[in-house]
Ligand SMILES: [Zn+2]
């Protein structure tokens with residue numbers, strides 16, 4: 001089993017650096033607001049760099065010596081932030097350390113080993129929100145910030161408790177809410193926060209391997225310079241296309257071991273369908289190769305591609321010889337949809353600490369039967 005790579009994105013490095021290139025405009029908009037709303041929502045698919053942006057903004061708001069663009073990195077407030085001792089900052093859930101901003105890896109720790117010491121995404125409870133009361137009722141001229149990460153995981157009671165604070169904002173207090181799934185937030189919360197417009201790289205247009213759009217080119221360059229291996233512009237564009245243009249997630253794909261096994265996934269599926277391989281053998285093999293959660297991600301991506309091919313649309317992944325998999329054209333669409341559903345179900349049970357082996361066995365069975 002390959003070692004999981006540790007994330008290169010730590011806030012202690014990024015509080016004071018340049019904003020991510022695709023969020024540069026958003027950053028300008030944030031710091032140039034004449035009157036800052038007391039509740040901001042940072043929402044969008046994972047891998048856009050929302051947390052990166054939030055932590056830079058936290059540093060900027062709290063810094064006692066900032067310039068027009070950035071926190072200073074050396075005043076008392078900035079030092080507190082680096083040491084995770086900033087008294088004017090509260091973070092919910094509290095185990096989401098502000099130094100860990102990698103939003104891609106965060107939800108993927110449910111692979112067998114790590115699962116045992118860390119529960120999957122838990123909800124934010126009313127007590128977590130009530131515990132803020134002393135902090136909110138302090139009298140202080142310095143700004144105070146509450147970051148609510150994964151705000152969509154608030155229980156209804158927690159959301160209602162937060163709502164009270166949002167309706168009667170204490171002076172100098174700012175709430176920064178982060179979510180990968182804004183549709184899961186209560187409408188009452190949504191109506192009380194100002195959503196920050198995140199500038200997302202637009203759909204890449206490649207002309208002879210060169211991206212046309214400057215914003216995209218800056219994003220591609222960023223990805224290139226932050227990866228340890230050589231990747232071409234075309235490979236980067238392809239990865240971006242597969243993940244709704246979320247650059248950090250595209251980086252994760254390109255660095256992962258499983259992304260290179262896309263062709264093998266198709267071969268396994270074909271072998272399972274034709275009975276050349278048993279689901280037990282396939283399950284055993286893949287368990288030794290890829291974590292279950294990564295394999296599920298691989299299934300999602302590949303089935304998305306298979307759907308495109310089935311509908312006779314061009315596949316996003318041009319590095320696969322799709323003609324070798326002509327059997328796809330004959331699979332009924334409702335069977336493919338059912339397979340997607342099964343995979344989503346297994347993913348959910350995986351988050352509830354179901355064993356990898358069990359999940360893998362079910363998956364291979366489902367693939368064989370589709
Ligand atoms: Zn400072």
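The values are calculated or read from the model by the stated rules, or taken from the named source; none is laboratory data. All values reported here derive from a predicted model rather than from experimental measurement. We place every Cβ from the backbone using ideal geometry, glycine too, and count neighbours over all the protein chains shown.
Before moving on, here are some points about what is shown:
Per-residue answers, yes or no, for (1) in a loop (DSSP other than H, G, I, E, B); (2) at pLDDT below 90; (3) within 19 Å of residue 294 (Cβ to Cβ):
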site: 199; (1), (2), (3): yes, yes, no
site: 223; (1), (2), (3): no, no, no
site: 241; (1), (2), (3): no, yes, no
site: 250; (1), (2), (3): no, no, yes
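- The single residue among 68, 77 that is at pLDDT 90 or above and surrounded by 12 or more Cβ atoms within 10 Å (Cβ to Cβ) turns out to be 77.
- Note on region 20-63: residues that are farther than 15 Å from residue 197 by Cα, crowded, with 21+ Cβ neighbours inside 10 Å and within 16 Å of the ligand (Cβ to nearest atom) amount to 7.
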